[in-house]
Each structure stands twice: as C-alpha cells, then as structure tokens.
Amino acid sequence: MSRMRGIPPGILLIRKIRGKDWSLKTYRYIILFVTFIAYTAYHASRKPSSIVKSVLDPHPNKFNDSMNGHLPWPLGDLFIKSGINDTLKVDSYENDGWVPFNGKYGTSKLGEIDVAFLAVYSLGMYVAGHLGDTLDLRLFLTTGMIGSGIFVALFGMGYFWDVHRFWYFLSMQMLAGLFQATGWPSVVAVIGNWFGKRRRGLIMGIWNAHTSVGNISGSLLAASVLDYGWGWSFILPGGFIVVAGIFVYLFLAAYPEDVGFPYPSDSSPNARGSIRDDSLWDEGCTSNDEEAPVPRISSVNRKGVGFIGACFIPGVIPFALCLFFSKLVAYTFLFWLPFYLSQTEIGGERMSVKSAGNLSTLFDVGGIFGGILAGFISDKLKARATTAASFMYAAIPSMLLYRSYGNISKTMNIILMIIVGLFVNGPYALITTAVSADLGTHSSLKGDSRALATVTAIIDGTGSIGAALGPLLTGFLSTKGWDAVFAMLMIGACIAGLLLSRLVCTELTERTSLISPRRRNSGEAPLSQSLLREGRR
C-alpha cells in the first residue's frame, strides 16, 4: 500500500500509456519543471496588489491612464504617458480611487494590507515547514495553491461586489498569506530530496528564476486586464495558481522513493541504495523493479525534525537573520516599485499605472541573472556566506545610484533598475534555495530524520517577517519622501551583509589556511566545513 500511495495519478497514467517508466534524469527534469511552475504561480498571485496600488490610492499627482487601443508590454508599447483628458470606461477606474483606500491615509492602509499578508505568511511558514516534513508534500502543496488562488480571487471580487470595507480586503489578504506559506518550504524540500549538493548553487540559482518569472508574469497578467476593472487583476492570477495546483497534484513526485528511486545520499555517496552526486544527470538509472530493486519509502513515513532542533543546526540562525533584512529590501521593491515609478518623473515625464507595472518587471529580469550568478559564484568559490554578503554590500551603491540618477532618462532607469535587481535578488535567491537545502541536509542530522522543509521555513519565515516590515515602513516613509525609503533600504542591505561576518571570516580563513589532503580529495563544500566548526564551538 505504501508503495503506491506516493505516486501521482498523472505519472501513473503516463506509465500505462508508455508501457515503461522514465529514467532518473527525466524525472529530475520533470521535478524542476513542475516546482518551477508551482512557485511561478505563487509569485504571480502576489503581484497584483503592487500593480493596482495607484488605482486604489488617490494620489494628488496621479493621472488617469490612456491605454485604449494598446497592448501590454512586451506585445505593445512599454512606456505610455499619463494624461488628464484620456477617455476610459468610468467603471474601470474610480477618479477618486477606491474606498477605503482613497482617504488621507490611503497609502498607509495599502501598507497595512501588505504587512497583514506578509505577517501571516511569515508566521504560517513556521508551522507549514514542520507540516511539510510530516505530511505528503504533494497534497500539502496542492492544498496551499488552490487555497491561495481562491482568496486572491476573492480580494478581486470586492470590485464586482462593490465592497468598501477595509476588514474584507484585510482578511482576504491574511487568508491568502496563510495558504501562501505552504509554498516555499515545500518546493525547496522537493528539490533537496531529488538533488545532491554537487552544483546545487548553480542548479538552484537557475531554478530560482521562478521568483522573477512569477513577478513578471503576475505583473503582465494584472496589467493586461486592468482596463476592465482592477478586480480582474486579482482574479486572473488567482485562477492561474489554481490551475498550477491541479498540475502539481497530477505530476509532482515529492520523493524519489515514491516513484521507485533511492534517496540521494550526500554523506555516503557509495552506499547501497543511494544516488551519488555525480549521477545528477545520469540516464542509466531506472525505477524498473526487475532491473534495480530499491527500497520504496513513502514520504508520509519519514520522521520530521523538531523546530527547536532545526534552529540548532549550525548556520541556520545567521542566515535566517540575514534573510530578514535581505527580504525587507527585496519585498519593498516587489510591492512598491510600480507605485514609485508611477509617482516619479522619469526624463521629465510621468508614466501610466500600467506602464509603471510593465517597467517594474525589469527589476525581476535583473533578479534572474542575479540568482544564477550568485549560485554559480558560490559553487566555484565554495563560499555561500561570502557570496551572499558581497552581493548585499554591492546592492548599497547600486540603490544609491538608482535613486540619484534613475530619473534622468528611461534608458538610465532601465539599466540601473536591472543592476539593482541583480544585487538585491542574488543573495535572496541563494539563501532561500542552495543554503536552505545545504542546511536541511546537514551532517548533524542523523538517521531517517527530515529537516529540509523545517529549515527552509525557519530561514524564509524569519526573512518574511522582514518582508512584512519593509512594505509597512515604506507606506509611512513614502509620505515623507522617497529618499527616506531608499535610506531604509540601504541600511537594511548593510545589516544583512554584516550578519554574515562571522561565517565570512570562517570561509576566508579556510581558503587561506593549509588544506589537508583528505579535505582536498573529499570535495566537501566549505559551507559545510564552516558550519561544522561553528557547531563544535
């Protein structure tokens, strides 16, 4: 019974149609693809609130859009000026915004909506991480995605139901945040289950592009239907994540054992029943029982590690605190960059709300390259902490340049925005993927215990508290001027880098010290060495 419980129905159907199973390499490609789609949908469903901020909030300097006859970027014009005499359907945008966000404190209320979402998201993640290590990850992830889609769409239904109660929008965001908490611990745990440590930084850096792709697709989806009423900007991404959740239910094999492959063991690469790191793309492995009998262990039968025990894994707390400030910076851009662009003159002109949303996607384009670059560098240097800290320090002058010179021209704004996205999202992507997976499979974990989802939840949950704080502070600081907002972001980036100082010093010491022949031949990453040393202290 346990042998069949973990096999997704879509894979069972394909096995019957093909008459044979896939190879290990094919399964790994499928896992990467399915989890990529899953978290792309998660991030796409978070983006609408940033797109509609300038519609809901009646800023004195805001103009109506002139979008009739235009397609959203990249199909149509990227930049469209805003104008006073533009004609739009009256029901598309309320000239005075949308109650309750059109009062004197409208901007602050939008900040409260963001912090409500992120606060519940961060707190829920601590619970979700432990549940992810004890429940069937496929069903857990599917439930979270469908639940997220429902409440994101219900937020948008407030437009069609003519809802003007603040508590309604606040509660919809909080419930959406609760279901969103299921996503990240689950997908990182699945990737960690299928891949060993070798080239993990590069692989997960490329895979982590789903964050930026989700932000971009969410922006484009929300902007493409904005003319028909801001409610559609929530309903469309909400439907997207529901469909993606069904896809996950059909095709996601959370554990190699669930489809007949042994668990990838990093600690004993030659042990019987383990998948060696160097078989990452090996096509010789199959799950045919006659050819390769392997133990099948259902994901629900594994023993989860406790929350307190996961906190004591060396390196978890420093990276969690670093991510607190790293996500503070990243999520401030995620939730407020379109609003900033729509309220700032660039090249002497203001752009429309939809154009600001389209332009903000270039920040995430830089983020894609940043995640890949950070993963590649950390693999080459075998120094996760040094790479993350270096990127955070580099983000400080890049944000200063963007604030100072980004308004000179559109071209300059684009170039500087991509650079900022590269340095801001690089360490954020590295810590939430490769570092979390490294620590979740740390050598201090013994036996059949599991900590991937729990460790990921601790690190990203702590980071999400910072992600909640950043947009909240921005809602207040933006009323006093954007210089104050950027000062907060630069201070946050500096603190994020400083929090890794001890691990950075340990990594640099190891690189300059004499390496014994045993270590040189073992191929063990210095992150693991430094964390083991931290544990002994």
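The values are calculated or read from the model by the stated rules, or taken from the named source; none is laboratory data. These numbers come from a predicted model, not from an experiment. Positions of Cβ are generated from backbone atoms using ideal geometry, with glycine treated the same way; all protein chains shown enter the neighbour counts. Side chains included, ligands, DNA and RNA excluded: accessible areas come from the protein's heavy atoms. Shrake-Rupley method; radii C 1.70, N 1.55, O 1.52, S 1.80 Å.
Numbers at a glance
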{"read-out": "Charge dipole magnitude, Cβ of K and R +1, D and E -1 - the range 326-443, Cα centre, debye nearest 20", "value": "40"}
{"read-out": "Contact order relative to length of the range 360-431, as percent, for alpha carbon pairs under 8 angstrom and 6 or more apart", "value": "56"}
{"read-out": "Accessible-area order (highest first, 1.4 angstrom probe) of the listed residues LYS410, LYS382", "value": "LYS382, LYS410"}
{"read-out": "Full-extension gain in nm, TYR168 to CYS494, via 0.36 nm per residue minus C-alpha separation", "value": "113.6 nm"}
{"read-out": "Which of ILE459, ILE465 is most accessible, then next, and so on - probe 1.4 Å", "value": "ILE465, ILE459"}
{"read-out": "By accessible area with a 1.4 Å probe, ligands and nucleic acids excluded, highest first: order of VAL225, VAL55", "value": "VAL225, VAL55"}
{"read-out": "Per residue value of the accessible surface for the range 315-396 (all protein chains in place, 1.4 Å probe), Å²", "value": "24"}
{"read-out": "In Hz, Karplus ³J(HN,Hα) per residue of the range 362-379 (6.51, -1.76, 1.60; θ = phi - 60°; x = Gly, Pro)", "value": "5, 4, 6, 4, x, x, 4, 5, x, x, 5, 5, 5, x, 5, 5, 5, 5"}
{"read-out": "Across LYS47/LYS382; LYS104/LYS480; LYS53/LYS410; LYS109/LYS354; LYS104/LYS327; LYS53/LYS104, pairs whose alpha-carbon gap is larger than 24 Å", "value": "LYS47/LYS382; LYS104/LYS327"}
{"read-out": "Computed lengthening from TRP482 to CYS505, 0.36 nm per intervening residue step minus Cα-Cα distance", "value": "4.8 nm"}
